[in-house]
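**Student:** This is the structure I have questions about; it appears just below.
Since every read-out is calculated from the coordinates, none of them should be taken as a lab result. Keep in mind the model is a prediction, meaning the values are calculated, not measured. Here the Cβ is made from the backbone with ideal geometry for all residues, glycine too, and neighbour counts use every protein chain on show.
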Amino acid sequence: MRKFGLIGKKLGHSFSKKYFTAKFEGEGIADAQYNLYELEQVQDLKALLQREPELVGLNVTIPYKQEVIPLLDELDDAAARIGAVNTIKIENGHTKGYNTDYIGFKDTLQAFYPKEKYKNALVLGTGGASKAICTALSDLSIPFTSVSRTPAQGELSYEQLTEEMLQDYNLIVNTTPLGMAPNTDTLPTIPYESISTDHFAYDIVYNPEKTLFLERCEAAGAKIMNGIGMLHGQAEAAWDIWNS
């Protein structure tokens, strides 16, 4: 039996377990099992691997995406640049970390935002989730500016965003949890009156399917995309890595 699973601190509602259990059943994959492994501290990973020799692949969720890195034998190039890991491949005791959020975002963005439309991107938020997004934009040669409540050098504050400025950016990506259930009445503070049919709005949040941010952008004529494709994309990318 090949075992896969998710490591994190508190694993109440797991998309990954539901997704992979349904995948195994739907595709008739009888020799695979997906479990949840709550670790009190990330250092418990070593004991888990010794206890579960059949483990061949793990997903990693908060708060261990960065903390797990020093415990791994090797890092994929994108994961090293992002500084976060959400997928681990285990082969003969050797552990290698990957970031499939990067793959899930990059693939869905290319399908949503055609190359001939490439201009400048505005990335809302500078938290952990934004790192994979910014690395993917960089690799697609899409210039971007990050917006933060506490901007570092080269970043903008929300107060600095003007209506005129928004016309220079035709892709807006929300990487903040604003609008995510249960706080569905929250949204990033940007000049929505500048949004037009030229804009593409991407929200990595997937619950609800249409956040207030996406609703406001769509009402102004923008093309919109939520995070469900990225979520499925990162799961399938992890499956491909584990089976490669």
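**Student:** Calculate the radius of gyration of the Cα atoms of region 2-98 to one decimal place, then report Dmax, the largest Cα-Cα distance, as a whole number, both in Å.
**Tutor:** Rg and Dmax of region 2-98, Cα atoms, are 13.0, 36 Å.
**Student:** Now for a separate question. Explain nothing, just the number: relative contact order of the chain, from Cα pairs under 8 Å at least 6 residues apart, as a whole percent. Before the final figure, lay out each step's value.
**Tutor:** Values: 448 pairs, mean separation 36.9, N = 244.
Relative contact order for the chain comes out at 15 percent.
**Student:** Right, next: Output the relative contact order of region 94-192, whole-number percent, from Cα pairs under 8 angstrom with separation of 6+ residues.
**Tutor:** On the way: 121 pairs, mean separation 28.7, N = 99.
Dividing the mean separation by the residue count of region 94-192 yields 29 percent.
**Student:** Now for a different question. Could you list Lys210, Lys117, Lys89 so that the one with the fewest beta carbons within 10 Å of its beta carbon is first and the one with the most is last?
**Tutor:** Numbers: Lys210 15, Lys117 12, Lys89 20.
In order of increasing Cβ crowding within 10 Å: Lys117, Lys210, Lys89.
**Student:** With the Cα gyration tensor of region 158-199 giving a ≥ b ≥ c as the square roots of its eigenvalues, does the rule (a/c under 1.5 for rounded; else a/b larger than b/c for prolate; else oblate) give rounded, prolate or oblate? Working shown, then result.
**Tutor:** Details: a/c = 2.38, a/b = 1.89, b/c = 1.26.
It is prolate, given that a/c is not under 1.5 and a/b is the larger ratio.
**Student:** Taking the beta-carbon count within 10 Å as an exposure proxy, list Lys10, Lys131 from fewest neighbours to most.
**Tutor:** Details: Lys10 8, Lys131 20.
So the ranking, lowest neighbour count to highest, is Lys10, Lys131.
**Student:** Quick one: grab the alpha carbon gyration tensor of region 102-227, order the square roots of its eigenvalues as a ≥ b ≥ c, and give me rounded if a/c is under 1.5, else prolate or oblate depending on whether a/b is larger than b/c.
**Tutor:** Working: a/c = 1.11, a/b = 1.07, b/c = 1.04.
It is rounded, given that a/c, with a ≥ b ≥ c, falls under 1.5.
**Student:** Would you kindly calculate the translational diffusion coefficient of the chain, applying Stokes-Einstein with the Kirkwood radius from alpha carbon pairs, for 20 °C and a viscosity of 1.002 mPa s, and quote it in µm² s⁻¹ without decimals?
**Tutor:** On the way: Rh = 19.0 Å.
In µm²/s, the coefficient is 113.
**Student:** Taking the Cβ of each residue in Phe105, Phe15 as the centre, tally the other Cβ atoms inside 10 Å and list the residues starting with the fewest. Walk me through the intermediate numbers first.
**Tutor:** Details: Phe105 27, Phe15 17.
With the fewest neighbours first, Phe105, Phe15 line up as Phe15, Phe105.
**Student:** Quick check for me: using +1 on Lys/Arg Cβ and -1 on Asp/Glu Cβ, what's the dipole size of the chain about its Cα centre, in debye to the nearest 20? Don't skip to the answer; put the middle values down first.
**Tutor:** Details: 22 positive and 32 negative charges, 77 e Å.
Computed charge dipole of the chain: roughly 380 debye.
**Student:** Something else now. Just need the relative contact order of region 2-98 here, percent rounded to a whole number, with Cα pairs under 8 Å and 6+ apart. Mind showing how you got there, number by number?
**Tutor:** Details: 152 pairs, mean separation 28.9, N = 97.
Reported as a whole number, the value is 30 percent.
**Student:** What is the Cα centroid distance between region 64-127 and region 193-234, reported in whole angstrom?
**Tutor:** About 21 Å separates the Cα centre of region 64-127 from the one of region 193-234.
**Student:** When the C-alpha atoms of region 155-234 are aligned to their principal axes, what extent does each axis show, in angstrom, from largest down?
**Tutor:** Result, largest extent first: 35, 24, 22 Å.
**Student:** Given a 10 angstrom Cα cut-off, can you work out which residue in Glu74, Glu38, Glu159 is the most mobile in a GNM of the chain?
**Tutor:** Sorting by GNM fluctuation, first place goes to Glu159.
**Student:** How large is the helix-only mean residue ellipticity at 222 nm for the chain, computed as the sum of -39500 (n - 2.57) over DSSP H runs with n ≥ 4, divided by its residue count, in deg cm²/dmol to the nearest 500?
**Tutor:** Dividing the helical sum by the residues of the chain leaves -9000 deg cm²/dmol.
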